[in-house]
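Chemist: Supplied in structure tokens, the structure appears directly below.
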Amino acid sequence: MKSGDVELLIQQVQSSQPMDSAKLDEFIQAVAQRSIDIKLVERWLKVVHSNGISVAETTQLTKGMMLSGAVIDWSDNSMVVDKHSTGGVGDKMSLMLAPILAACGLKVPMLAGRGLGHTGGTIDKLEAIPGFNCSLNPQQMKTQVEAIGCCIAAQNDAIAPADGLLYAIRDVTDTIDSIPLITASIISKKAAEGLGTLVLDVKCGKAAFMQTLEDATGLAESMVGAAKGLGINTVAQITQMDYPIGQYVGNSLEVLGSVMILQGKGSKDTLDIVILQCAELLTRTGKAESHVQAEKIISQVIDNGMALEKFKQMCIQQGVDQIIAHKLCETPHDVLTQSAHVTEIKAQDTGYICEIDSMMLADIARKHGAGRFSIEDEIIAEIGFEICFERGNQINSGDVWLKFHHNEPLTEDDLNKLTNSLSTTAQPFVHKKRLISIIE
Ligand code: URA
């Protein structure tokens, strides 16, 4: 592509004119083929980040990025579904959602990412399972989904390769937090799965990337607009992300928490969010007539063991030894790595739990190896938290409310921060629902 054509696109964005659509397509192809001057891409990203672009341009950008790589072709995609979450603390939903929906007869060809900032990533969690292989190409994804109903694979160069370069440049040019760029990045990869229906979980709160309802709504509207523009039946659920989800946070511990849910045990908070997302997909595909009926179907596939069986099949198909996969589903503690130490943190006051500082907990876990600070960092799967009480529960001074799983000794500062991340009130605390609003 000629540099003058990119200059034209830059000028058009700067002067709030629509970008020339043929040149925008050409630009995306050139990015995907890496045949363009990086300096020009940086300038284009910066003007899009500062000036914004229209919904129509965002949709065209998303489509171009989707078409820059392979798109899975299903002869009928009416039962092909997925979910994307913008990321939270303890957000392990994908690990349960894919096998539950497969057990209900839907097809879930899920592409997932690694941890970003303080939030964990589905791929890092699955790699806590010995032998789990997330490197599937689009054909392998399709074959596995046709065989068992679900797969979870890492994003790779075959899918939306334009995003690979744009994302890497955004990371170093401070242009990550742009609604059109986030939209195109996420939706192009989901659209490349060939989906019929998509549910988006847009997290909102102190431990989310979108901290205000206004920002979360803006992102939700943009993603729903672009996905619908590509013909995908899409809904966004804006959900509260101030306090950690469920009982477990950390890679191995979240696998444990997910297996417990599939075994019919586990935290109600986690199960409620899984049901919220699965029920939306079951009703939108006609597998259930209502959310009430969808909940019954979900309970059935958990109670009769089919969802856990799908999870086991997914593990085996993706490289886990059969005996290990069986053990993981029966006694997960025997398979997952354990930390050298578990430190118990006690409550200082008596009262009702009103706040758990998820950001503080996530930052400490990340520092101890649960997350990365740079791309080369190795995740330590066993690092994380067990949260022994739910928000709104009554707690007495001296009760153990948190167990921190770690390998390195804790500093005085870590201990103070862990202790201070719990807040209680004297008055009973009214437990707020996770779902804040729905955008469709
Ligand atoms: N995840 C993505 O894949 N892209 C973004 O831009 C943000 C989160």
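The values are calculated or read from the model by the stated rules, or taken from the named source; none is laboratory data. As the structure is a computational prediction, the values presented were derived from the model and not from experiment. Neighbour counts are summed over all protein chains in view; Cβ atoms, including those assigned to glycine, are modelled from backbone coordinates with ideal geometry. Quick note on the areas: whole protein, heavy atoms, side chains included, nothing else; ligands and nucleic acids left out. Shrake-Rupley method; radii C 1.70, N 1.55, O 1.52, S 1.80 Å.
Chemist: Looking only at the chain, where both bridge partners belong to it, what percent of the DSSP beta bridges are antiparallel (to the nearest 5)?
Modeler: Taking every DSSP beta bridge within the chain, about 55 percent pair in antiparallel fashion.
Chemist: For helix 179-191, what angle does its Cα long axis make with the longest principal axis of the chain, in degrees from 0 to 90 and rounded to 10?
Modeler: For helix 179-191, the angle is close to 80 degrees.
Chemist: Another question, then. Answer with one residue from Ile364, Val80, Ile345: the one whose Cα lies farthest towards the positive end of the charge dipole of the chain, charges on Cβ with Lys, Arg +1 and Asp, Glu -1.
Modeler: Val80
Chemist: Continuing with this model, one more query. So for the range 1-67, what are the equivalent ellipsoid semi-axes in whole Å, largest first, each being the square root of 5 times an eigenvalue of the Cα gyration tensor?
Modeler: Semi-axes, largest first: 16, 14, 10 Å.
Chemist: Another question, if that's okay. For Cys151, enumerate residues with amide H under 5 Å from its amide H, sequence gap 5+ or separate chain, H modeled in the peptide plane.
Modeler: Amide H neighbours of Cys151, under 5 Å, 5+ apart: Val108, Met110.
Chemist: In addition: State, in angstrom, two size descriptors of the chain derived from its alpha carbons: Rg to one decimal place and Dmax to the nearest whole number.
Modeler: 21.9, 69
Chemist: In the structure shown, do any of Lys92/Lys296; Lys190/Lys403; Lys206/Lys310; Lys63/Lys367; Lys203/Lys296; Lys83/Lys346 have a Cα-Cα gap over 32 Å, and if so which?
Modeler: Table pairs above 32 Å Cα-Cα are Lys190/Lys403; Lys206/Lys310; Lys63/Lys367; Lys83/Lys346.
Chemist: What residues have an amide H closer than 5 Å to that of Thr234, excluding those fewer than 5 places away on the same chain, when H is modeled at 1.01 Å from N in the peptide plane?
Modeler: Hits under the 5 Å cutoff: Leu198.
Chemist: Run through every distinct alpha carbon pair of the range 118-263 and return the Kirkwood hydrodynamic radius in angstroms, one decimal place.
Modeler: Final number for the Kirkwood radius of the range 118-263 is 17.0 Å.
Chemist: Could you look at the chain and say what percent of its accessible area is carbon and sulfur, using a 1.4 Å probe and all protein chains?
Modeler: Carbon and sulfur together cover 50 percent of it.
Chemist: Magnitude of the Cβ-charge dipole of the range 19-113, K/R +1 and D/E -1, about the Cα centre, nearest 20 debye?
Modeler: 260 debye
Chemist: Springs between alpha-carbon pairs under 10 angstrom, Gaussian network model over the chain: which of Lys39, Lys190, Lys228 fluctuates most?
Modeler: Lys39
Chemist: What Kirkwood Rh does the range 54-180 have if only Cα atoms enter the pairwise 1/r average? Answer in Å.
Modeler: For the range 54-180, inverting the mean 1/r across all distinct Cα pairs yields 15.9 Å.
Chemist: Next question. Residue by residue, what Karplus-based ³J(HN,Hα) values in Hz, rounded to whole numbers, does the range 286-293 have, using 6.51, -1.76 and 1.60 with θ = phi - 60° and x for Gly and Pro?
Modeler: Computed from phi, the couplings for the range 286-293 are x, 6, 9, 7, 8, 5, 5, 5 Hz.
Chemist: From the backbone phi of the range 151-162, what are the Karplus-calculated ³J(HN,Hα) couplings (6.51 cos²θ - 1.76 cosθ + 1.60, θ = phi - 60°) in whole Hz, Gly and Pro given as x?
Modeler: With coefficients 6.51, -1.76 and 1.60, one gets 8, 10, 10, 7, 4, 9, 5, 6, 9, 6, x, 4 Hz.
Chemist: Once the Cα atoms of helix 93-103 and of the chain are each reduced to a long axis, what angle between those two axes, in degrees from 0 to 90 to the nearest 10, is obtained?
Modeler: It is inclined by approximately 80 degrees.
Chemist: Shifting gears a bit: When the dipole is taken about the Cα centre of the chain, and only Lys, Arg (+1) and Asp, Glu (-1) are charged at their Cβ, what size is it in debye, to the nearest 20?
Modeler: I would put it at about 700 debye.
Chemist: Oh, and also: Given the rule -39500 (n - 2.57) for each run of at least 4 DSSP H residues, summed and divided by the residues of the chain, what is its mean residue ellipticity at 222 nm, to the nearest 500 deg cm²/dmol?
Modeler: When only DSSP H runs of four or more count, the value is -14000 deg cm²/dmol.
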